[in-house]
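Step one of this worksheet: look at the structure below.
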Amino acid sequence: MTPLPLVPLTAAGPAPARRAVLARRVRLLVAATITYNVVEAVVAIGAGTVASSTALIGFGLDSVIEVASASAVAWQFAGRDPEARERIALRVIAISFFALAGYVTVEAVRALLGGAEAAHSTVGLVLAGVSVVVMPVLSAAQRRAGRELGSRSAVADSKQTLLCTYLSVVLLVGLAVNSLFGWSWADPVAALVIAVVAVREGRDAWRGETCCAVAPASGAAAEDAHSCGSGCSCCGSPVGREP
């Protein structure tokens, strides 16, 4: 019996026209993220300086780090072949996560050891409240586009934006609790938890484990296409061979 020719399995990725739409969407979302974070950084650092608030100043510096992360993705998708630039973009995003974790940890420890008490800041409360609403929307939209496009860097940057959302919640609660009850320890303790999350996300970005590649329809190639190992960190789907 003459053996049948083997038919190679190919990845069921989006069509070229759809990829162009998704890449354009990522660029627009990255531009919106950069613009918002520049404004956020200026307002937070200014208000933090006036109120002597380490939390507010740290939040502003986090916005600067987010700009660096988003700029790396913007640089990647500005080229003709974004995939060729993905590894460098992931490295920049990972380093920004580590820088954020380091800064938050140092400032949180300083605050716990008796840093200067921050004054009430209405501007800081309003800024944190707005960020809690805006940042999850930007993060979710970029994450959806990045997953469909199969871009690890786009999803990694969306996680950076989501982490900024968590920091916004921490800042909002910390400023509110400090103003209402004088519990100055609440903010640095929560910030240390955020630092742990940032280290984990930075490690995943450095290893390129932020998002699955687009999986083929079935078979062994489906297992190989998942670069995240057992359980994708961006889509949550299990990895394994079909029977």
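The values are calculated or read from the model by the stated rules, or taken from the named source; none is laboratory data. Predicted, not measured: the structure shown is a model, and the values here were computed from it. Neighbour counts run over all protein chains shown; Cβ positions are idealised from the backbone, glycine included. To get the accessible areas, we keep the full protein, side chains included, count just its heavy atoms, and leave off ligands, DNA and RNA. Shrake-Rupley method; radii C 1.70, N 1.55, O 1.52, S 1.80 Å.
A few comments on the model shown:
- Residue-span extension gain [V196 to V123] - 0.36 nm each, minus C-alpha spacing: 23.5 nm
- Estimated at the nearest 10 Å², the accessible area of T105 is 50 Å² with a 1.4 Å probe.
- Distance in nm between pseudo-label sites at A186 and A140 (7 Å out along the Cβ direction from Cα): 2.6 nm
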